[in-house]
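Reading through the structure tokens given below for one structure.
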Amino acid sequence: GAVVSQHPSWVICKSGTSVKIECRSLDFQATTMFWYRQFPKQSLMLMATSNEGSKATYEQGVEKDKFLINHASLTLSTLTVTSAHPEDSSFYICSAPRLGGAYNEQFFGPGTRLTVL
Amino acid sequence: GIQVEQSPPDLILQEGANSTLRCNFSDSVNNLQWFHQNPWGQLINLFYIPSGTKQNGRLSATTVATERYSLLYISSSQTTDSGVYFCAVDYKLSFGAGTTVTVRA
């Protein structure tokens, strides 16, 4: 299967600071990547779609000014949580689809656990 | 958006038992995947199965797209099968709530 990495694996920060999370597709190119958030004991919720060379699209209810997304290359997307607050503490996971005609299986990174104090 | 329902929400198995997990979805889809989330949070791809039947070792899956459901079969369960199993559909994956499987030795 395809490999997607995330960095960092976990981060603890003070309220009001910004945190950047990187998502990389290691063995394939991804013009699109997705960012999800998962709260404890809950399912994954799509936050935004990251598009290489254009603006990200955000799901309803997700603040685009708070969650900045940059798709810098065909293998890298970054999510920056700006002015983080304790309610932003969550597990953030990225995914990338490996495309091939009608085949578009998605592969997930290992996730980043964010704790805001 | 598409609604995805998984059942049962929780499943407790004795090692060696077989089980079936179900995923119902509210509209036609061109993508359906099953995942296993391990205790560290990593989502492991089990099947990409928008239709038909696939098998991989002790796991198999069937999707009946016309009836909008998919089934995941676990045979001869092992303690390492414990975790949360998710079904997700469509290109921008919509996830079900998951089935938490606990396999006891």
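Things worth noting here:
- Scanning the range A:75-105 for residues that are part of a loop (DSSP other than H, G, I, E, B), within 27 Å of B:C87 (Cα to Cα) and either more than 14 Å from chain B (Cβ to nearest Cβ) or among the polar types (S, T, N, Q) (or both) returns A:T75, A:S89.
- Where B:T66 falls short, out of the listed (1) β-branched (V, I, T); (2) away from every other protein chain (no Cβ under 12 Å); (3) surrounded by 19 or more Cβ atoms within 10 Å (Cβ to Cβ): (3)
- Only one entry of A:F108, A:F67 meets the criterion of being closer than 23 Å to B:C87 by Cβ, crowded, with 18+ Cβ neighbours inside 10 Å and at pLDDT 95 or above, and that entry is A:F108.
- Condition met for B:I2 (among the hydrophobic types (A, V, I, L, M, F, W, C) and modelled with pLDDT under 95): yes
- Residue in the range B:72-89 that is touching a helix residue (DSSP H, G or I) at 6+ places or on another chain (Cβ under 8 Å) and more than 12 Å from every other protein chain (Cβ to nearest Cβ) present: yes
- Taken over the range A:40-74, the criterion of being charged (D, E, K, R) and within 14 Å of another protein chain (Cβ to nearest Cβ) is satisfied by A:K41, A:E59.
- Qualifying residue in the range B:33-47 (condition: without any contact (Cβ under 8 Å) to a residue 24 or more places away in the chain, within 20 Å of B:Q3 (Cα to Cα) and within 12 Å of the chain's Cα centre (by Cα)): no
- The residue that is nearest to the other protein chains (Cβ to nearest Cβ), among those in the range B:23-43 that are over 16 Å from A:S43 (Cβ atoms) and touching a strand residue (DSSP E or B) at 6+ places or on another chain (Cβ under 7 Å), is B:N31.
- The range B:81-93, residues that are at pLDDT 95 or above and either outside any loop (DSSP other than H, G, I, E, B) or of a type in the set (D, E, K, R) (or both): B:D81, B:G83, B:V84, B:Y85, B:F86, B:C87, B:A88, B:V89
The values are calculated or read from the model by the stated rules, or taken from the named source; none is laboratory data. On a predicted model such as this, the values are computed, not experimentally measured, just so you know. Here the Cβ is made from the backbone with ideal geometry for all residues, glycine too, and neighbour counts use every protein chain on show.
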